[in-house]
Amino acid sequence: MHADDLKHYLADSPPSIVRLEIEKHFDALSDQQKRYAHFISQASFAGTRIVLRQISPESEAIYDFIVALHKSTGGDWKALQSKAGISDEELQLFLEYSAQFLGNNGNYKSFGDSKFIPRCSEVSVAALASTSPEAKNSFAATNGDIFSSDKPGLMHLGYPEEGHMTTYYPESSDITKDEIDAVAAWMGDKGLLPENTRLAKKNGGKIFEILIASADTSIPKEGGDIGKETEFQVSDGPLAGKTIKLVYGDHSKEMFAITHSIKKAAENGSNETQRDMYNAYAKSFKDGSLLSFKDSQRFWIRDKGPAVESNIGFIETYRDPAGIRGEWEGFAAVVNQERTRAFGALVDAAPSLIPLLPWDKSFEKDKFLAPDFTSLEVMTFAGSGIPAGINIPNYDDIRQSEGFKNVSLGNVLSAKAPNEKVPFIADKDLDLYKKYRDASFEVQVGLHELTGHGCGKLLQETSKGEYNFDKGKPAGLPVDRQARHYLTWGSVFGSIAGAYEECRAELVAMFLSCEFPVLKIFGFGDGSVDMDGEAGDILYTSYLSMARAGLVSLEMFDPKSRKWGQPHSQARFSILQCFLQAGDDFCKLEYSGDDVRDLKIQIDRSKILTTGRKAVGDYLQKLHIYKATADVETGIKFFNEMSGVDADYWGKKVRDEVVRNKQPRKVFVQANSSLDEASGKVTIKHYDATLEGMIQSWAERET
């Protein structure tokens with residue numbers, strides 16, 4: 001790779017390291033609640049190696065290498081430096097890479113899906129590796145892929161046939177998108193859910209192995225989710241003549257450890273619902289049953305107002321190029337009761353807000369299922385990255401008939417990086433933006449998760465011959481294109497589903513944030529329309545923030561492959577385009593020279609409630625109806641047009657300026673918990689928000 005291209009893949013120097021503060025919230029829990037949180041934390045982090053394997057072949061070995069170096073000297077990096085004979089600068093650059101690697105749980109960015117490599121030399125890393133046998137062995141196991149950049153396609157996650165990196169299809173570099181889709185359709189026909197699986201192509205394509213994550217390495221005695229068979233001969237369709245095998249025991253060592261901690265969490269649940277939930281988790285992780293996992297989510301929905309909130313499993317499907325297989329994640333968090341009250345008021349208001357959205361009741365649930373909506377202080381979030389908010393479960397049949405939950409992660413939202421710069425905001429707006437960006441983002445997250453992901457329904461065949469809508473109304477709906485009862489939203493819209501749905505939810509937030517009674521719920525204004533008051537400041541900052549987010553999202557677009565590396569980024573860029581296309585000089589990008597080096601976002605505050613909201617509503621309406629009616633062809637074409645990046649202006653000129661101004665993404669140092677078996681007491685240990693503190697926190701999880 002050319003040096004000018006390679007610089008875009010170098011690790012952040014320095015990365016932005018922030019500590020997740022939890023101590024005062026954790027200390028307020030009872031001993032039983034602390035044990036419950038501890039065992040959930042243990043189970044979540046026990047999946048670390050699963051995440052590493054889901055990212056790249058070398059990630060697990062890199063992880064072992066970093067941990068081995070720390071352990072060889074007890075974290076005395078100066079002693080290690082002296083032993084290796086490398087400079088202060090080279091050690092610093094290696095520590096920066098290590099902290100970013102651990103913060104992303106792999107060597108591809110959790111937000112962007114592009115590989116990053118050390119800024120230090122390979123010679124220096126090899127010298128560090130020579131200081132202990134364990135480190136030397138782990139370094140050798142990376143096969144040089146820490147630094148490899150000779151195949152540009154492998155610098156991004158994606159489909160193997162397009163030359164990109166993925167480990168959701170192990171040892172199957174020749175597997176095609178059509179084959180992946182065909183196996184997914186076969187699984188759908190059988191009612192076999194894909195989230196906890198990987199797919200391997202064997203014997204020249206004659207055999208496809210579906211690898212199912214489970215502690216047990218054989219099918220349960222009572223049978224799996226589709227019975228006791230594990231081998232199937234396909235007689236028709238694109239897989240005619242092929243064999244499909246179900247192989248249990250993927251990640252069995254980790255799943256065994258997870259199941260052990262999950263059972264301990266069940267023993268320490270505060271109520272029967274929590275115990276039922278964690279027993280269902282235990283069955284799912286032991287047997288590989290996603291039907292049991294769905295049961296755990298049903299119990300999770302019913303666990304209203306817990307002091308400790310959690311969720312765990314193969315959940316988000318963003319990183320599978322096909323958009324159906326889930327990455328391992330788990331979290332344990334303490335509910336912030338004060339902030340939760342505001343979200344409770346938002347839940348109460350939701351039934352009156354959703355009818356304001358730009359579609360008629362035919363495209364909406366018959367009854368809004370009021371969820372739990374809590375503000376959380378995160379103790380543990382294991383996975384490749386930490387979001388600001390969550391709306392789950394992702395199973396539409398549960399969401400539409402049984403409900404869902406929303407959580408806002410308060411200490412993630414409030415975590416501040418030191419000396420954080422804010423490019424692309426005009427000087428006249430900078431003080432206002434800094435003052436209200438966190439508050440406006442909290443409003444946005446609340447509306448995004450609750451009313452965004454929580455609104456609407458898929459018009460579908462819920463069972464054979466039965467539909468959840470009047471087939472004669474609304475007129476002209478293509479019934480033959482409805483999502484069938486055994487398919488999920490992701491199965492219908494495939495790899496674009498994540499970005500499409502995030503865009504829809506963001507647009508709902510933009511649309512409903514114009515309702516001043518919503519802003520009053522969060523403590524801004526008296527509910528009356530006042531664009532010149534504090535509520536107007538919040539609304540203006542929200543639109544400015546979204547426009548800026550869309551602009552900086554260009555960092556996640558790869559001009560060579562013409563691919564987006566992150567669903568949220570693709571969504572936000574398309575919303576910026578919506579703003580710019582609104583007309584009436586509502587939104588503009590202003591700069592003085594051809595090189596756009598002084599580029600600034602300008603939004604006409606006085607037109608947000610008119611021109612801006614109308615543009616948002618028109619865009620939202622189209623996305624929503626295409627989704628509801630499973631109009632895949634029209635929906636994908638439209639969304640790709642809205643998120644398309646013109647090669648010369650956006651893809652080159654503006655993107656270069658965005659990359660020049662990019663700020664390191666925050667990585668979080670998390671506490672560890674420990675249990676004294678004799679007393680039953682749990683304590684937590686915090687770590688410094690430093691490179692060394694980040695590495696120490698991970699190394700001590702391996703003891």
Revision key, fill the gap. Here the range 629-644 yields Karplus 3J(HN,Hα) values (6.51, -1.76, 1.60; θ = phi - 60°; whole Hz; Gly and Pro given as x) of 9, 6, 7, 4, 4, 5, x, 5, 4, 5, 5, 5, 5, 5, 9, x
Point to revise | Formal net charge of residues neighbouring residue 142 (Cβ-Cβ distance under 12 Å; K, R +1; D, E -1) | key: -4
**Study point:** Candidate aspartates and glutamates - alpha carbon under 17 Å from residue 136, same-chain residues fewer than 8 apart omitted
**Key:** 58, 60, 64, 122, 145
**Study point:** Shape box of the range 612-671 [Cα atoms, principal axes, largest first, Å]
**Key:** 43, 42, 26
Practice item. For residue 166, enumerate residues with amide H under 5 Å from its amide H, sequence gap 5+ or separate chain, H modeled in the peptide plane. Key: 158
Practice item. Grab every C-alpha pair in the range 639-703, bin the distances at 10 angstrom width from 0 up to the longest one, and report whole percents. Key: 16, 25, 18, 15, 17, 7, 2
Revision key, fill the gap. Kirkwood radius from Cα pairs of the range 162-252 plugged into Stokes-Einstein at 37 °C, 0.692 mPa s, gives D in µm²/s equal to 242 µm²/s
Exercise for review: Can you tell me which of 130-143, 544-557, 271-284 comes out highest on packing, and rank the rest after it, using the mean Cβ neighbours within 10 Å?
Suggested key: 544-557, 271-284, 130-143
Practice item. Report, please, the projected area of the range 423-660 averaged over directions, based on the convex hull of its C-alpha atoms, in nm². Key: 14.2 nm²
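Which percentage, to the nearest 5, of the DSSP beta bridges contained in the chain is antiparallel?
If we restrict to bridges inside the chain, about 70 percent are antiparallel.
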Point to revise | Over the range 59-138 - Rg/Rh using Cα atoms and the Kirkwood inverse-distance radius | key: 0.96
Point to revise | Environment charge of residue 652, counting only residues whose C-beta is closer than 12 Å and scoring Lys/Arg +1, Asp/Glu -1 | key: -3
Exercise for review: Per residue of the range 396-411, in order, report the coupling 6.51 cos²θ - 1.76 cosθ + 1.60 (Karplus, θ = phi - 60°) as ³J(HN,Hα) in whole Hz, putting x for Gly and Pro.
Suggested key: 5, 5, 6, 4, 7, 10, 10, x, 7, 10, 10, 9, 10, 9, x, 6
Check your understanding: What list of ³J(HN,Hα) values in whole Hz, one per residue of the range 112-125 in order, does the Karplus curve 6.51 cos²θ - 1.76 cosθ + 1.60 (θ = phi - 60°) give from phi, with Gly and Pro shown as x?
Key -> x, 6, 10, 6, 10, 10, x, 7, 6, 7, 5, 5, 5, 5
Check your understanding: When the Debye formula is applied to the Cα atoms of the range 1-136, each taken as the same point scatterer, what base-10 log of I(q)/I(0) results at q = 0.19 Å⁻¹?
Key -> -1.17
Check your understanding: Taking K and R as +1 and D and E as -1, what net charge do the other residues with C-beta under 10 Å from the C-beta of residue 286 add up to?
Key -> 0
Practice item. Using only the alpha carbon atoms of the range 24-85, find the Kirkwood hydrodynamic radius as the inverse mean reciprocal pair distance, in angstroms to one decimal. Key: 14.6 Å
**Study point:** Quarter of Cα convex hull surface for the range 540-601, i.e. mean projection, nm²
**Key:** 4.9 nm²
Check your understanding: Quick one: putting +1 on the C-beta of Lys and Arg, -1 on the C-beta of Asp and Glu, what dipole do you get for the chain around its Cα centre, in Debye to the nearest 20?
Key -> 560 debye
Point to revise | Cα gyration tensor of the range 343-448 - equivalent ellipsoid semi-axes, whole Å, descending | key: 30, 20, 12
Review point. If each residue's Cβ is checked for other Cβ atoms within 10 Å, how do 649, 169 rank with the fewest at the top?
Key: 649, 169
**Study point:** Positive dipole terminus of the range 1-149, leading residue within 63, 15, 107 (C-beta point charges)
**Key:** 63
Review point. Taking the Cα atoms of the range 87-236, what is the range of coordinates along each of the three principal axes, in descending order and whole Å?
Key: 62, 35, 29
Practice item. Starting from the amide H of residue 325, placed 1.01 Å from N in the peptide plane, find each other amide H under 5 Å away whose residue is 5 or more places distant or on another chain. Key: 320
Review point. What Kirkwood hydrodynamic radius do you get for the chain when you take the inverse of the mean 1/r over all pairs of distinct Cα atoms, in Å?
Key: 26.3 Å
Study note, to complete from the structure: Assertion target for 8, 164, ordered by fewest C-beta neighbours within 10 angstrom first, is 8, 164
Practice item. Can you grab the distance from the C-alpha centre of the range 373-388 to the C-alpha centre of the range 265-322, Å, no decimals? Key: 16 Å
Review point. Setting aside same-chain residues fewer than 8 positions from residue 294, which aspartates and glutamates have a Cα under 15 Å from its Cα?
Key: 195, 225, 276, 303, 316, 396, 397, 402
Exercise for review: For the range 586-703, just the Cα atoms, rotate onto the principal axes and tell me the three extents in Å, largest first.
Suggested key: 64, 45, 32
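Bear in mind these aren't lab numbers, they're just calculated from the coordinates by the rules spelled out. Worth saying up front: this structure is predicted, and the values here are computed from it rather than measured. Glycine gets a Cβ as well: all are built from the backbone with ideal geometry, and neighbour counts include every protein chain shown.
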